[in-house]
Protein chains: 2
Amino acid sequence: MNAEQNKKVILTGDRPTGQLHLGHYVGSLANRVALQDEYNQFILLADIQALTDNYENPQKVRDNAYQVLLDYLAVGIDPHKSTIFLQSQIPQIAELTVLFMNLVTLSRLKRNPTVKAEMALRGFDESVPVGFLVYPVSQAADITIFKADLVPVGEDQAPMIEQTNELVRSFNRIYGPILKETTALIPKTGGRLIGTDGKAKMSKSLGNTIFLNESSDSLAKKVKGMYTDPTHLKVEDPGKIEGNTVFTYLDIFDPDTAEVTRLKEHYMRGGLGDSIVKKRLLDVLENFIAPIRTRRAELAQNMDYIENIAREGTLKARAVASQTMLEIRRGVKIDYFD
Amino acid sequence: MNAEQNKKVILTGDRPTGQLHLGHYVGSLANRVALQDEYNQFILLADIQALTDNYENPQKVRDNAYQVLLDYLAVGIDPHKSTIFLQSQIPQIAELTVLFMNLVTLSRLKRNPTVKAEMALRGFDESVPVGFLVYPVSQAADITIFKADLVPVGEDQAPMIEQTNELVRSFNRIYGPILKETTALIPKTGGRLIGTDGKAKMSKSLGNTIFLNESSDSLAKKVKGMYTDPTHLKVEDPGKIEGNTVFTYLDIFDPDTAEVTRLKEHYMRGGLGDSIVKKRLLDVLENFIAPIRTRRAELAQNMDYIENIAREGTLKARAVASQTMLEIRRGVKIDYFD
């Protein structure tokens, strides 16, 4: 416990709206596995945030919460090292959200570039659900209730961290030095994985994903259909590597980098067919996914164990949130019966 | 307990931002005293709502919470009949507020006439603090977490009830028949008391109040300075009753209606000086306020007792809110460990 207290705190998580895929692995899961020894890592199953744009479909969010948790464990997130918990079970987040809402103006929220981009994406204007508009405030509450030192984010999420720290500074100025400013942890490796169709982002809504528990058959079909170099029509033609999804994936997942370099040279020279490179990628991805798939299937046999991990993580997270809330209540002078 | 369950539920309350005055008595307190036998009445010390426009001054809100509670008890609100509680101590209200925010659009909130009027009053536009803009949503959570059948409001507050019921209908359509629509209870008697200066409303910010614990000296000064008929310069002149604050107050507070009628006739005829009428009003108000002032001073001797009333009421309110929240969590499919 003492060692844990000396570790820096990370807050991270996912909206449980679907099973996780290779894009999640590259973008965040691999980093979480790598960071969990060195940091006190809290991983939020952000079901309340998922409801902000899935409020009509609570069953979808519910169904996916434990599926995401299975994905976490299958890729090697260790519940003894990382605290995995359900946002909906931490009422202190809602309490802090309500207090934070007094410290931010409507115009400031609308100016948040991430909110702006996501509103444009969904075609929202003034008809935006208030919960959606306000989600950066809830996110600030997620982060600060756990006094997170670091939040791993993509570069496009930097404005969210800025908004959080603005709220922290306003809060502390008025109510005393209670909350902690946080820092964006922009991973050195990883980042955004392109989709199987070559589009900028692997995403369920674009239908260009490979799931972490993709079956062998389905994986074979997906790799076969992957985007390569559309001008590489005959085997003997020289092919392009840049923007070629198959080589992008090999660079990430193939441990034999020398062989990948050799294949690239051959492909650029001409004389190497797509089907050969795809066969290699299929082997590489099958080797990567097979143990995840097996572990996931084993874990899914015992959903009581999974539920128990969520429960234990939630209790631990709630204890931390309660402690911060005690300090908040004292600062806001609403510590009546504490 | 059973009898109580058969009673209809009323939800009412005040923002604790200052001591209560005769305007509060006429507008709401008298009705609360009258209604507490027949109804299961919840009275909210709305400290979280008070923070939406006093967030820079939490100590002011804190200082006033128990002062308002003292006023309640002094005018005859009975804590054994009415449940008096602190909003900040009911986290379920914040939880429901967050869920409700998904069910209302920004444009709908901005269209709320009460919000519009209050924003205009404070000179807010897009720079409105989000918490202030969102307060009708929090208010809807206050009302519905207690499944209130009735909410006593002035006519200008009717749009708030409409907004609440819209949220209830949306919520129930998506998550099942959990919440209850409410009804505005617009009091037959009472309503808005004009200020001592003749302005439309008695209000601390206008400096035209008579507090419920006004001292005799101060009361005398305030009555002496009251607005009458500015054209009634000489005693022998005929005077006007309409808009004459002193007669308005006599109509409300003087139990001897025959004598008030006689005084009015004399005043209109001419020959009755303001000072005589004011002397009568002073006697009437002193008779009204003296027992309140005495009871309040006695109660203030024992702040432990006052705190205990707040604690007991809060525990009772929290039990009701918890029960509703259980049902809400089941509906929203976030009943993980219940």
Choice from B:V260, B:V246, B:V68 with maximal GNM fluctuation in chain B (Cα, 10 Å cutoff): B:V260
Looking at the protein assembly as shown only, what percent of DSSP beta bridges run antiparallel? Nearest 5 please. 10
For chain A, modelled as a Gaussian network with Cα springs under 10 Å, which listed residue fluctuates most, A:S88, A:S215, A:S107? A:S107
Hey, how many Å between the Cα centroid of segment B:35-65 and the Cα centroid of segment A:266-308? 58
So, with points 7 Å from each Cα along the Cβ direction, the B:M268-A:N287 label distance in nm works out to 10.4
Rounded to whole angstrom, the alpha-carbon centroid of segment B:71-88 lies from that of segment B:107-137 at a distance of 29
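Between A:R173 and A:L233, what length in nm is gained on full extension when 0.36 nm per residue of separation is reduced by their alpha carbon distance?
Stretched out fully, the A:R173 to A:L233 stretch lengthens by 15.2 nm.
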Efficiency of FRET between B:D37 and B:S216 - r from beta-carbon atoms, R0 41 angstrom, step 0.05: 0.80
Using only the alpha-carbon atoms of the protein assembly as shown, report the extent along each of the three principal axes, biggest first, to the nearest angstrom. 119, 46, 44
Simple spin-label estimate for A:T183 and B:D197 in nanometres, 7 Å along Cα-Cβ: 5.5
Indicate, rounded to the nearest 5 percent, the antiparallel portion of the DSSP beta bridges found entirely in chain A. 5
Positive-pole candidate from B:V61, B:P177, B:Q323, dipole of chain B, charges at beta carbon: B:P177
Shortest-first distances to equivalent copies, position B:K81, nm, label 7 Å out along Cβ: 6.5
Label-to-label distance, nm, for residues given as A:S322 and A:E242 (7 Å Cα→Cβ offset): 5.8
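With a cut-off of at most 13 other beta carbons within 10 Å, and DSSP calling the residue loop, which GluC sites (Glu not before Pro) in segment B:179-242 qualify? Please list them.
Qualifying residues, ordered by number: B:E236, B:E242.
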What are the distances, in nm and sorted shortest first, from the label point of A:P113 to the label points of the same position in each other copy, with each label point placed 7 Å from Cα along the Cα-to-Cβ direction? 4.3
Along each of its three principal axes, how wide is the spread of alpha-carbon positions in segment B:17-97, in whole angstrom units, largest first? 36, 28, 18
Quick one: plug the Kirkwood hydrodynamic radius of segment A:213-297 (C-alpha pairs) into Stokes-Einstein at 37 °C, 0.692 mPa s, and report D in µm²/s. 247
Principal axis lengths of chain A from Cα atoms, whole Å, largest first? 78, 44, 38
Using a Förster radius of 60 Å, what is the FRET efficiency between B:A297 and A:R122 based on their Cβ-Cβ separation? Nearest 0.05, please. 0.50
Please find the FRET efficiency linking B:K81 to B:S275, where r is the Cβ-Cβ separation and R0 is fixed at 45 Å, and quote it to the nearest 0.05. 0.60
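Only the coordinates and a few stated rules stand behind these numbers; no lab work does. Because the structure is predicted, anything quoted here is derived from the model rather than measured. Virtual Cβ from ideal backbone geometry, glycine too; neighbours counted across all protein chains shown.
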